[in-house]
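Shown next, in structure tokens, is the structure this report addresses.
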Amino acid sequence: MELEDRVKQIQQEAQEAILAATDLQTLEDLRVKYLGRNSILRQEYSRIGSLPEEDRPLAGQVLSKLSNALQKLCEGRKSALLQQAEQQKLQAQALDVTLPGRIPRAGHQHPLLATLDEMVEIFLGLGFIVAEGPEVEDYYHSFEALNYPEYHPAMDEQDTFYVSDDVLLRSQTSTVQIRYMETHEPPVQIIVPGRCYRRDTVDATHGHTFNQLEGLLVDEGVTFADLKGTLEIFAREVFGDRCHVRFRPDFFPFTEPSAEIALTCTLCDGQGCRVCSGTGYLEVGGSGQVDPNVLAGVGYDTEKYTGFAFGVGIERFAMLRHSIADLRLFYSGDMRFLEQF
Ligand code: DAH
């Protein structure tokens, strides 16, 4: 075959192969095959020497044209492949701004906390401020300063969790009454939200860990009527005008006189049901006029100052607020329950 024909054939073959290469390695292999040191082109060059002298320049020109053409083809294909790769990379990284966003799962307040917040809000509106105290308490603030007689059953290990002889988990937020009065002069007007612990048998209306809201108001001329008025306004704010507050005589060492507080049962609208043991009322806490012994114990002038105090169970309020028959549900962590609020 004549040189010219071979060159044509090589060019056509190479062109097809180069344009068909889809990756850089294949392309490089082709470049080596056609243009490298032992390439087809080199073989053609080496044949020039055997041509008649006058044909050699032309043959050289033809081959160098072929070499240039193939080189250009390789370079063109290489930049096309690189561009393609870049394009693919960009496409893979592209943001689809038309995709709808993912809505994050938002939590919400636990029904107990929401109830507490609402209760606190009402008392803030009545001029109370929030005070707090430790959950791990000593014997003095838990019982002695609250006027408990020496062998009161509340101090019994059966009823209270002890950390050591003198240290215990508080069984009521009334402890904070003492802590606050020890460090503040009257007038006092505080509420104390907080967790309490008791060795109670857990049932639908009792837990070993529960929350109370304590209230204390000490000033000149404070009477039992102030206590009643305050709690009635509070109950009506939470449950509306149909809610009735029932006060019945009770006993607490730190109040005299003392009264149990009960509210109309919202589960049966006061008709009597299993939760309120058929009475139409649910007991929510205790209250009374602060015993002068307690005031004297913190150095207050009992001739000048009187006060009232109360303590209510937040779980009980949450039960009434949402008509829930079993307070254990609040602690169950059951999402089917919690998602309803
Ligand atoms: N601390 C009492 C209890 O846990 C409740 C209570 C009764 C609190 C009378 C008071 C009060 O402040 O005056 O059962």
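The values are calculated or read from the model by the stated rules, or taken from the named source; none is laboratory data. As the structure is a computational prediction, the values presented were derived from the model and not from experiment. Glycine gets a Cβ as well: all are built from the backbone with ideal geometry, and neighbour counts include every protein chain shown. Areas reflect the complete protein model, heavy atoms only, side chains present, ligands, DNA and RNA absent. Shrake-Rupley method; radii C 1.70, N 1.55, O 1.52, S 1.80 Å.
General observations
- Screening segment 29-145 for helices (runs of 4 or more DSSP H) wholly inside it with 3 or more residues that are in the same structural domain as F239 (by TED's automatic domain parsing) and of a type in the set (D, E) returns the ranges 111-125.
- Being open to solvent by less than 50 Å² (accessible area, probe 1.4 Å) and modelled with pLDDT under 90 is a description that does not apply to L81.
- On inspection, D166 does not qualify as touching an Asp or Glu at 6+ places or on another chain (Cβ under 7 Å) and either of a type in the set (V, I, T) or at pLDDT 95 or above (or both).
- Residue in segment 163-170 that is assigned to a loop (DSSP other than H, G, I, E, B), open to solvent by less than 50 Å² (accessible area, probe 1.4 Å) and in contact (Cβ under 8 Å) with a residue 24 or more places away in the chain present: yes
- Residue selected from segment 191-219 under the condition hydrophobic (A, V, I, L, M, F, W, C), away from the ligand (no atom under 11 Å from the Cβ) and within 30 Å of the chain's Cα centre (by Cα), by the criterion most open to solvent (accessible area, probe 1.4 Å): V202
- Strands (runs of 3 or more DSSP E) enclosed by segment 238-341 - at least 2 residues per element that are within 16 Å of the ligand (Cβ to nearest atom) and open to solvent by less than 10 Å² (accessible area, probe 1.4 Å): 255-264, 281-290, 305-313
- With respect to (1) open to solvent by less than 30 Å² (accessible area, probe 1.4 Å); (2) over 15 Å from V290 (Cβ atoms); (3) away from the ligand (no atom under 12 Å from the Cβ), the lone exception for V222 is condition (2).
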